[in-house]
Amino acid sequence: MKSGATLALAVALGAAGVCAYWYVSRNPAAIQAKGAIEPGPMPSEAEWVSGDPPFLAGTNDAAALPPPPEQKSPARPHTPLGHAVAQQSPSARTEALQRIAQQADVTELRALVAEARTLSVTADRREALDVLLLRWFEQDPESAPRHLIEQTLNEPAGVARTEHLTSIGSAWAQVSAESAWAYANRIADVNVRTAFQRAVLGTWSARDPDAAMRSVIALPAGPRKDRLLRQAAAHYVRTDPKAALQLAMSVKRADSRHLVMGIVTEWAEYDVRAAAQWLAANPGRVNRNIASQFADRYGALDPVEAMAWAQRMDRSGMRGLVGAALAGYAEVDPQDALRMAFALEQGTQRRRAVSAVLSVVAQRDPEYAKDQLGKLESEARAEAVQTIAHAMVRADPRATVEWLKQLEDANARRAGL
């Protein structure tokens with residue numbers, strides 16, 4: 001008992017001593033009482049603020065805030081062109097570039113284009129080249145682009161060369177698209193030719209989509225032509241989809257089917273209702289896979305309209321679109337999509353529609369999908385079980401197999417396994 005009290009007293013005195021030492025070290029004048037020993041040298045201000053004694057280190061520390069990241073503006077040359085691209089306002093930047101281009105002669109434009117290619121900021125470089133090249137080609141629409149292309153083709157292959165050729169093609173197409181396209185078709189390197197064609201086609205399609213698409217149709221058959229056709233169709237369909245389709249159906253059959261499907265698919269991206277109605281009036285123009293994609297989009301947009309359209313297509317021989325339409329609607333409202341599928345008349349169409357919707361539902365809520373099996377007759381139940389199992393097995397194969405083994409319906413169990 002006595003030793004415990006002694007220990008407690010020692011700890012208290014030690015703590016008091018530490019505090020006293022700290023206080024006196026900070027306030028030496030506090031010990032200037034009568035008869036006190038003359039104090040030693042006063043600590044300097046720098047010593048006072050230098051920090052706590054070692055035994056108190058860290059007691060008053062506060063985490064220092066990191067310095068703000070240094071904001072570096074892009075390096076631009078101290079030239080008229082560099083000052084032009086440094087303008088903050090897009091309109092001011094464009095106006096400054098156009099003013100420089102308008103005031104330059106052909107020799108000066110050549111030098112300005114060379115300088116523009118050295119700009120480190122990609123957006124600066126592209127914008128400057130678009131303005132300068134266009135002005136240069138307006139003054140010399142035939143020899144200037146040809147000379148520049150030949151000069152660029154002598155450079156090492158890479159991103160910089162491809163980017164510059166693309167700028168040349170786009171600018172030349174604004175001045176003389178036919179000349180630019182004719183030159184592009186004579187470029188020997190296939191990859192360079194394709195990149196240049198795409199640049200010319202992008203500008204040409206925006207200005208004259210019919211002429212641009214006809215130029216692509218005239219190319220030899222092959223995968224490169226198909227990709228260029230899709231590019232041309234994407235422009236034309238947003239301008240006049242019916243005119244694009246009329247052109248597509250007027251060419252030889254080898255090109256027509258592929259082109260029609262590309263145009264209608266692009267059309268459906270932004271106006272699926274109009275594209276679907278055209279397809280209903282022109283059955284057989286696209287294959288079932290493309291039509292199913294329409295039905296899926298249409299169903300998500302307006303399930304009632306999509307169902308009526310799909311049933312009309314079904315009567316014209318394009319089967320299976322009712323299920324695709326309801327599957328699209330199931331992405332929006334799975335329970336109502338199932339209600340609509342179950343409301344169909346008994347038969348193949350209803351069975352396929354329920355199966356298509358359950359395929360979507362099972363990926364989101366497999367337990368809810370399983371609960372619907374009791375509403376189906378044996379044949380439809382077997383197909384639905386197969387659909388649900390296919391959706392479930394990706395997430396949990398073992399649980400899927402265990403569920404299938406517990407099914408009482410032998411046909412459904414065999415179909416799922």
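For the reader, a short list of remarks on this structure follows.
- Any hit, segment 60-71, residues being modelled with pLDDT of 90 or more and of a type outside the set (Lys, Arg): no
- For segment 329-337, the condition of being under 31 Å from the mean Cα position of the chain (by Cα), closer than 21 Å to Ala274 by Cβ and surrounded by 15 or more Cβ atoms within 10 Å (Cβ to Cβ) holds for at least one residue.
- Scanning segment 401-416 for residues that are modelled with pLDDT under 80 and surrounded by 12 or more Cβ atoms within 10 Å (Cβ to Cβ) yields Trp403, Leu404, Leu407, Asp409, Asn411, Ala412, Arg413, Arg414, Ala415, Gly416.
- Selection status of Ala111, in a loop (DSSP other than H, G, I, E, B) and at negative phi: no
- Members of segment 273-291 found to be small (Gly, Ala, Ser) and touching a residue at least 24 places away in the same chain (Cβ under 8 Å), listed by number: Ala274, Ala275, Ala276, Ala280, Gly284, Ala291
- Output for segment 269-291, where each listed residue is part of a helix (DSSP H, G or I) and under 23 Å from Arg207 (Cβ atoms): Glu269, Tyr270
- Qualifying residue in segment 373-383 (condition: of a type in the set (S, T, N, Q), surrounded by fewer than 22 Cβ atoms within 10 Å (Cβ to Cβ) and under 25 Å from Asp302 (Cβ atoms)): no
Every residue, every condition in (1) in a helix (DSSP H, G or I); (2) within 29 Å of the chain's Cα centre (by Cα); (3) surrounded by 14 or more Cβ atoms within 10 Å (Cβ to Cβ); (4) of a type in the set (Phe, Trp, Tyr), yes or no:
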position	(1), (2), (3), (4)
Pro220	no, no, no, no
Arg224	yes, yes, yes, no
Leu228	yes, yes, yes, no
Ala233	yes, yes, yes, no
Leu245	yes, yes, yes, no
Met249	yes, no, yes, no
Leu259	yes, yes, yes, no
Trp267	yes, yes, yes, yes
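The values are calculated or read from the model by the stated rules, or taken from the named source; none is laboratory data. What you see is a predicted model; the values in this text were computed from it and never measured. As a convention, Cβ positions derive from the backbone with ideal geometry for all residues, glycine included, and neighbour counts pool all protein chains shown.
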